[in-house]
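See structure below.
Quick note: the coordinates plus some simple rules give every number you see, no bench work behind them. Remember, it's a predicted structure, so these values are computed and weren't measured experimentally. Cβ sites come from the backbone with ideal geometry, for glycine too, and all protein chains shown count toward neighbours.
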Amino acid sequence: MKIVKIIIWIVVGLALIAWAGVTLKNNKAKSEAETQIVAKGVDSIAVDIAQVSYKVLNTDYLANGTFEPIQELEFPSEVSGKVLKVLVSEGDYVKTGQTLAIIRSDQQSIDLSTAEAIYQNALAENQRFERALESGGVTQQQVESTRLSLKNAKAQWEQAKIKMGDLHIKASISGIVNQRWIEPGSYVSPGTKLFDIVNVSNLKLRVNVDENQIVKYKVGDIVQVKASVYPEREFTGKITFIAPKATSSLNFPVDIQVANTSSNELRAGMYGTAVFSSQDDETKATPVLVVPRTAFVGGLNQSEVFVIKDGKSYLTKISIGRNFGDWIEVLGGVQENETVATSGQINLNDGSNVKIVN
């Protein structure tokens, strides 16, 4: 009887093992089938494409940047004291030398009175010794000592007057009060910010120009400038600075000064575009090898595109030249009639299978 039970348990155990094996085999087959379905989907990533081709384009070179004020100054206090009056508000136009605020400092007043008294005493003593020298009552050395004391006393008095003058805060540039940091009654100390003043009668547009273009221009050249908020208007700018050293991306910073309108329509912080025009009409009519801007992976700075060949994607580093807006000049890395992806790149890897949808 005991042997029969043992045999039964062995049979049941073998049956369970067999059932588990069949289940695992079926699950594995199902998993492999699902993996193949997923892989099949991954193998057919949908992309739009375009051809690398020659086009006759407007060969003006465009460079983008941000308008900056030609002058910008932050006024800190040079003295300690209580603000008596604030004579300007944010948005006011001020001229050089105009009083912006008045600060009261009892200590400065005391120092000025003390310095003036010391000066007057030194002056009187010097005059007395000068007269005594004529009669022989004092020595030349004593007179020289009083002259030195008078000189030092005068210097201290002048310095005290300057510090007293610092209580009248005056603008050192002409411009617009962009920010006011103080109010009447507030207490300031040396270094406390009082005002920010910007001069936007002229603005500076800083752009980066690549090495292929920078050799064509020099300081003083006139270029056309556009503002993103006024797309139909053009402004005239003059190159005032070209960096002698390129950045790590082989671009050269260039400053362009732009005269603002009488109503200061251009504002610091707006986006602008410098248009470096091609002077040669023959050059303008020459076809240029280009790819769409949308083909680039991670922006123009990466200079990478996916070349589509035989149903697969290949991440390719290319050399780019001029920026024509929607089209970018190709200097190397791809050739005419090669195909590049213009959408769906975020899903692509080097060697991915693709399905062309356009």
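List, in the order given, every pair from K317/K355; K216/K238; K245/K317 whose Cα-Cα distance in the structure shown is over 20 Å.
The pairs that break the limit, which is 20 Å between Cα atoms, are K317/K355; K245/K317.
For D48 and D221 in one chain, what is 0.36 nm times their gap in residues minus the Cα-Cα distance, to one decimal in nm?
58.1 nm
How much length is gained on full extension from S263 to L73, taking 0.36 nm per residue of separation minus their Cα-Cα distance?
Computed gain between S263 and L73 is 66.3 nm.
Shape of segment 164-226 from its Cα gyration tensor (a ≥ b ≥ c, root eigenvalues): rounded if a/c is under 1.5, otherwise prolate when a/b > b/c, or oblate?
prolate
Return the FRET efficiency for the residue pair D310, A246: r is the Cβ-Cβ distance, R0 is 30 Å, and the value is rounded to the nearest 0.05.
So the FRET efficiency works out to roughly 0.20.
Cα gyration tensor of segment 155-272, axes a ≥ b ≥ c as square roots of the eigenvalues: rounded (a/c below 1.5), prolate (a/b > b/c) or oblate?
Judged from the Cα gyration tensor, segment 155-272 comes out prolate (a/c at least 1.5, a/b above b/c).
So for segment 126-260, taking the charge dipole from beta-carbon charges (+1 Lys/Arg, -1 Asp/Glu), which of G191, V215, L133 sits furthest toward the positive end?
Of the candidates, L133 comes out farthest on the positive side.
Quick one: if the Förster radius is 45 Å, what FRET efficiency do A124 and E90 give, using the C-beta to C-beta distance and rounding to 0.05?
0.35
If you put +1 on each Lys and Arg Cβ and -1 on each Asp and Glu Cβ, how big is the dipole of segment 212-358 around its Cα centre, in Debye rounded to 20?
Rounded to the nearest 20 debye, it is 340 debye.
On full extension of the chain, what length is gained from N212 through N152, given 0.36 nm per residue of separation minus the C-alpha to C-alpha distance?
Gain on stretching N212 to N152: 15.4 nm.
Using the Cα gyration tensor of segment 304-358, with a ≥ b ≥ c the square roots of its eigenvalues, what is the shape: rounded (a/c below 1.5), prolate (a/b larger than b/c) or oblate (neither)?
prolate
Once Rh for segment 189-255 is found with the Kirkwood sum over Cα pairs, what is the Stokes-Einstein diffusion coefficient at 25 °C and 0.890 mPa s, in µm²/s?
The estimated diffusion coefficient comes to 170 µm²/s.
Say R0 is 56 Å: what FRET efficiency, to the nearest 0.05, do K55 and Q179 get from their beta-carbon distance?
Rounded to the nearest 0.05, the efficiency is 0.70.
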